[in-house]
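Structure record follows, encoded as structure tokens.
The values are calculated or read from the model by the stated rules, or taken from the named source; none is laboratory data. Fair warning: this is a prediction, and the values are worked out from it, not measured in the lab. Here the Cβ positions follow ideal geometry from the backbone for every residue, glycine too, while neighbour counts run over all protein chains shown. Ligands, DNA and RNA are stripped out before the accessible areas are found, and what is left, the full protein with its side chains, is counted by its heavy atoms. Shrake-Rupley method; radii C 1.70, N 1.55, O 1.52, S 1.80 Å.
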Amino acid sequence: MHIVLLPGPVQRIIYGVYTHRLRKQLVGAELPGHIGIIMDGNRRWARQMGMADLSIGHKRGAEHVETVLSWCERAGVQHVTIYLCSTENLARRDDAEVSYLMHLIEQVITDKLAQPDAGWQVHVAGSLDALPDTTAHALKNAVEVTRDCDTGYHITLAIGYGGRQEVVAALRSLLTEHAAAGTLDELADTITMEDVSRHLYTAGQPDPDLVIRTSGEQRLSNFLVWQSAYSELYFCDTFWPAFREVDFLRALRSYARRNRRYGR
């Protein structure tokens, strides 16, 4: 079997034609209003590319967020939640790697998202107390700077985040609320799913319609455990830094072809 490698310009033409074709297939289709993204595979991408410094993978991955948001805008996806860093990442990764990750995140937030004309209102999901002060400050500033953004586009940054931890924090907040109101004894008989939802980090935001995970791993890894109960899941083999628009459009096409059942 002979493998024919096409010249770069020819590859770009074919890629452009295929991308255009995918966009046409999505015209009039029912698309997700909210996408959750687990951006996985930065270090493996760097290894695959033969890079000795794996931190380059994190850098490319962080920089790629802006590009993917532009695809979401073009598709009309108005809510995006990106899993930047889990509580497990903070606890188990090497200190130097975590420090570098936080620095990258601060840089991307400050340079790309915390701008009045960036077009996305920023929200945060996670425990800011678990983050370095500089990272927490950058996140708070981004939320404040974009508070009056009225484009309708919302990005939630899940950082220092764990889905189970979020549910525990929500229940604690709910119990505290009822204790202060003197209605704690009644809570066991009256608690609803809506009561829990309004105490989550994502209160006020719609649940994700579609969750995309890159790198070929097929698990949620403690991401939006409560919110993704009825989400459609899409797993892509491509590592996050190499995630292309065609991969994104294929995910949307897959979603459009599904019959959502919401547990029924």
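Calculate the spin-label point distance for residue 24 paired with residue 56, positioning each point 7 Å from the Cα along the beta-carbon direction, and give it in nanometres.
Roughly 3.8 nm, to one decimal.
Over the chain, what percent of the accessible surface lies on carbon and sulfur atoms, probe 1.4 Å? Show your work: numbers first, answer last.
Numbers: 7390 of 14500 Å².
Carbon with sulfur: 51 percent of the solvent-accessible area.
How long, wide and thick is the chain, going by the Cα atoms along their three principal axes, in whole angstroms, largest first?
74, 46, 39
How would you rank 219-227, 50-58, 22-30, 37-45, highest first, on the average number of other Cβ atoms within 10 Å across their residues?
Values: 219-227: 17.9, 50-58: 14.2, 22-30: 12.1, 37-45: 22.3.
Packing proxy ranking, top to bottom: 37-45, 219-227, 50-58, 22-30.
Treat each spin label as a single point 7 Å out from the Cα along the C-beta direction, and report the residue 219 to residue 235 distance in nm.
That separation, rounded to one decimal, is 1.0 nm.
Compute the long axis of helix 133-145 from its Cα atoms, compare it with the longest principal axis of the Cα atoms of the chain, and write down the angle in degrees, 0 to 90, nearest 10.
Its long axis makes an angle of about 90 degrees.
Would you please give the residues with an amide H less than 5 Å from that of residue 125, counting only those at least 5 places away or on a separate chain, with H modeled from the backbone geometry?
157, 158, 159
Which distance in Å, rounded to a whole number, links the C-alpha centroids of region 173-201 and region 51-93?
34
For an R0 of 22 angstrom, estimate the FRET efficiency from the Cβ-Cβ distance between residue 176 and residue 133 and round to the nearest 0.05.
Working: r = 26 Å, r/R0 = 1.16.
Plugging the Cβ-Cβ distance into 1/(1 + (r/R0)^6) gives 0.30.
Roughly how big is the chain's charge dipole about its Cα centre, with Cβ charges of +1 (Lys, Arg) and -1 (Asp, Glu), in debye to the nearest 20?
On the way: 28 positive and 32 negative charges, 321 e Å.
The dipole of the chain has a size of about 1540 debye.
Could you report region 1-114's accessible area per residue, 1.4 Å probe, as an integer in Å²? Don't jump to the answer; show the numbers that get you there.
Working: 6640 Å² over 114 residues.
I get 58 Å² per residue for region 1-114.
For residue 67 and residue 17, what does the FRET efficiency come to when R0 = 25 Å and r is the distance between their Cβ atoms, rounded to the nearest 0.05? List each step's numbers first, then the result.
Numbers: r = 20 Å, r/R0 = 0.81.
So, using R0 = 25 Å, E works out to roughly 0.80.
With n ≥ 4 as the cut-off for DSSP H runs, can you work out [θ] at 222 nm for the chain, using -39500 (n - 2.57) per run divided by the number of residues, rounded to the nearest 500? Working shown, then result.
Values: 10 runs with 122 residues, N = 264.
Theoretical 222 nm ellipticity from helices: -14500 deg cm²/dmol.
Say the dipole of region 205-251 comes from +1 at the beta carbon of Lys and Arg and -1 at that of Asp and Glu; which of 246, 208, 222 then lies farthest toward its positive end?
222
Send over a whole-number figure in Å² for the accessible area per residue of region 217-264, probe 1.4 Å.
53
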